[in-house]
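The structure appears below as structure tokens.
Nothing in this text is a laboratory measurement; each read-out follows from the coordinates by a stated rule. A quick note: this is a predicted structure, and the numbers were derived from the prediction, not measured. Every residue, glycine as well, gets a Cβ built from its backbone with ideal geometry; the counts of neighbours run over all protein chains shown.
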Amino acid sequence: MSSVTPSESSRIQGSDLAPLHYKPFSSHEHYQQVMDAHRKLLESGFYFGPIGGLEAKALLSKEEPGTFLIRDSSDRRYFFTLSVQTVYGTRNLRIHSEEGGFFLENDYQNKEKVPRFDCVLKLIMFYMGRGRDVQLTVDGASKESMETIYLMDSRGIKTPLELLKPLKISPSSLKHICRRALNRTGQGEVQQLPQALRDFMKKYDASI
């Protein structure tokens, strides 16, 4: 296992997460994985950073079930939390982070192994509709509801997870909308773009 410098084990450099999170990284690769995930979340438009559970509830309680956001976890053992509005109210699900990837906590009665992803956005896309096959609107919402999946929230309560639409901090720029659209059509189109645009596309490879 590769070594990790002290600065890597205690903070994400240049991130609002730095003074609040002390979860050690298992390797430099794990550190880099979290860094990359954080950079993409900053581009997403639905990453709210260091807000707490009560603030997330205030934002989501006015929204339809299935609306969600990503924020920094209030628990120092985790980096990110998925807050989602359900028919039972706002629920918070901790996003676990290990060298093997990001994952959510499974229902204790479900013995199936939960899938892991090298990026938080890929995790979200999976639960929105099983990956890139999902039909998404311009706003990043899924056109059809997926089958109900039960996971455990931060209080250990079995929660029906349905992710339909991200809550945006502000309207997406035209450039970002076009980037998401190109990501939906596949990377073949991207190779024909000028280098500056290809670099822009690399910063965000999701369709939500």
* To do: For each pair in Lys62/Lys158; Lys62/Lys175; Lys158/Lys202; Lys62/Lys113, compute the distance between the two Cα atoms and list the pairs where it is over 26 Å.
  => Lys62/Lys175; Lys158/Lys202; Lys62/Lys113
* Structure fact -> Packing-ranked peptide list from 73-79, 165-171, 194-200, highest mean Cβ count within 10 angstrom first, is 73-79, 165-171, 194-200
* Stretch gain in nm, segment Gln191-Ser26, where the contour uses 0.36 nm per residue and the Cα spacing is subtracted -> 55.9 nm
* **Pair Asp118, Arg39: separation of 7 Å Cα→Cβ label points (nm)** => 1.3
* To do: List the residues whose amide H sits under 5 Å from the amide H of Cys119, counting only those 5 or more places along or on another chain, with H placed 1.01 Å from N in the peptide plane.
  => Phe102
